[in-house]
Amino acid sequence: MARYIYNQETCAYERYELKGTALRNRMAVLLTISFGFALAGYVTFLHYSKPLDLLEVERKNADLKTAWFHLNYRLGETEEKLKFFAEEDDQNYRVILDANPLSTIERQAGVGGATRKSKALEEHTLISNTFDRALKLNNQLTVQNESFNELQKLLDRKLKEWASRPAIQPIDNKDLLRLHTTFGMRLNPVLKVWTAHKGLDFTASTGTPIYATGDGVVQDAYYSDSFGNVVYIDHGFEFETRYAHMVRFIVSKGEKIKRGQVIGYVGNTGRSAGEHLHYEVLYKGNQINPINFFQRDLSNKEYQKLLELAKTENSSLDY
Ligand SMILES: [Zn+2]
């Protein structure tokens, strides 16, 4: 809206317009007021609001905290699983395999040693603690892994030992009628003198299959004047077995043998008073009673019956 002012000289209203210095002064005042308002607004904004990059940092911090809690939860789960494995290891596997449980010191091996933590990491206690926890878990897992490797080797050896040890009867004897003479002093059927009978005699018709009683290697298979056709098997772990008076054997020296494998057939060769199998078990070079090694193919009841039958005082069938 235009402004008019009364001119006393011309006695008329004339249009008023700012010019020159007055105009510059007015403009300066307006600019100063505008700048003042702008500055006050900016200061207020700084005081009551946060910059965008700070909001971004706070959001990332919250995400990291969530991830940190999640990480610790997972660490806790893994620690529990490891604890379960360690207990199974000590209380079951090592007991079965006759191995000592690992000591606490062995299980903590390496924990607390030098760690390569950056200075920045050390300054953050929470993260530093989690770092230590993960490191400890890693060390314990390494120990557990080594323990399982050791147990695997022990198990492999035990499985071989169990497979090798004489553990069945050398001929089919389901009705338990085959055992004729047992271990100990027996009357010689021909010489009529008492001698130590160092094995068991099983009566069976010629041609009845004879089985290896454990895994092993044929130590010898030949004809001897006393034993006739005889097979010697070395089972390792200081066990040997001998099978005598065969009509024939079907294995040769050096051959690998599995438990239950047919190695020959019952006969009456050598110094034998009738068709039968003379069977011996040796441990550390000495004959021991084979009747203690039949547990695999007999029930407890059958085994008790066999022990009763073993008490009969029959004379031996070899001389
Ligand atoms: Zn005999």
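The values are calculated or read from the model by the stated rules, or taken from the named source; none is laboratory data. These figures come from a predicted structure and were not determined experimentally. Reconstructed Cβ throughout: ideal geometry from the backbone, glycine too, with neighbour counts over all protein chains shown. Quick note on the areas: whole protein, heavy atoms, side chains included, nothing else; ligands and nucleic acids left out. Shrake-Rupley method; radii C 1.70, N 1.55, O 1.52, S 1.80 Å.
Residues in the stretch 259-287 that are under 41 Å from the mean Cα position of the chain (by Cα) and in contact (Cβ under 8 Å) with a residue 60 or more places away in the chain: Arg259, Gly260, Tyr279, Glu280, Val281, Gln287.
For the stretch 85-110, what are the residues that are touching a Leu at 6+ places or on another chain (Cβ under 8 Å) and either modelled with pLDDT under 85 or open to solvent by less than 70 Å² (accessible area, probe 1.4 Å) (or both)? Matches in the stretch 85-110: Ala86, Asp89, Asp90, Arg94, Leu97, Ala99. One residue is enough: does the stretch 151-158 have a residue meeting the conditions open to solvent by 50 Å² or more (accessible area, probe 1.4 Å) and in contact with a strand residue (DSSP E or B) (Cβ under 6 Å, 6 or more places away or on another chain)? Looking through the stretch 151-158, none of the residues is open to solvent by 50 Å² or more (accessible area, probe 1.4 Å) and in contact with a strand residue (DSSP E or B) (Cβ under 6 Å, 6 or more places away or on another chain). Within the stretch 268-316, the set of residues being open to solvent by 30 Å² or more (accessible area, probe 1.4 Å), within 16 Å of the ligand (Cβ to nearest atom) and of a type in the set (A, V, I, L, M) comprises Ala273, Ile288, Leu309. Thr125 meets each of the listed conditions (1) polar (S, T, N, Q); (2) under 30 Å from Trp162 (Cα atoms); (3) modelled with pLDDT under 90 apart from (2). Set side by side, the residues Ser252, Ser299, Ser224 differ, and just one is more than 19 Å from Phe183 (Cβ to Cβ), free of Cβ contacts under 8 Å to residues at least 12 places away in the same chain and among the hydroxyl-bearing types (Ser, Thr, Tyr), which is Ser299. Does at least one position in the stretch 212-221 carry a residue that is within 14 Å of the ligand (Cβ to nearest atom), touching a strand residue (DSSP E or B) at 6+ places or on another chain (Cβ under 9 Å), among the hydrophobic types (A, V, I, L, M, F, W, C) and under 20 Å from Ile168 (Cα atoms)? No, the stretch 212-221 has no match at all. Name the one entry in Leu187, Leu191 that is of a type outside the set (D, E, K, R), assigned by TED's automatic domain parsing to the domain that holds Ala204 and open to solvent by 90 Å² or more (accessible area, probe 1.4 Å). Exactly one of Leu187, Leu191 is of a type outside the set (D, E, K, R), assigned by TED's automatic domain parsing to the domain that holds Ala204 and open to solvent by 90 Å² or more (accessible area, probe 1.4 Å), namely Leu191. Arg165 meets all of the listed conditions (1) open to solvent by less than 30 Å² (accessible area, probe 1.4 Å); (2) modelled with pLDDT of 90 or more; (3) in contact with a helix residue (DSSP H, G or I) (Cβ under 8 Å, 6 or more places away or on another chain) but one, namely (1). The test for being under 30 Å from Ile127 (Cα atoms) and assigned to a loop (DSSP other than H, G, I, E, B) holds for Lys50. For the stretch 144-157, the set of residues classified as over 14 Å from Lys81 (Cα atoms) and of a type outside the set (Phe, Trp, Tyr) consists of Glu146, Ser147, Asn149, Glu150, Leu151, Gln152, Lys153, Leu154, Leu155, Asp156, Arg157, listed by residue number.
Of all residues in the stretch 203-239, exactly one satisfies the criterion of being of a type in the set (A, V, I, L, M), open to solvent by less than 50 Å² (accessible area, probe 1.4 Å), assigned to a strand (DSSP E or B) and in contact with a His (Cβ under 9 Å, 6 or more places away or on another chain), namely Val230. Of all residues in the stretch 160-197, those satisfying the criterion of being within 24 Å of Tyr265 (Cβ to Cβ), hydroxyl-bearing (Ser, Thr, Tyr) and within 11 Å of the ligand (Cβ to nearest atom) are Thr181, Thr182.
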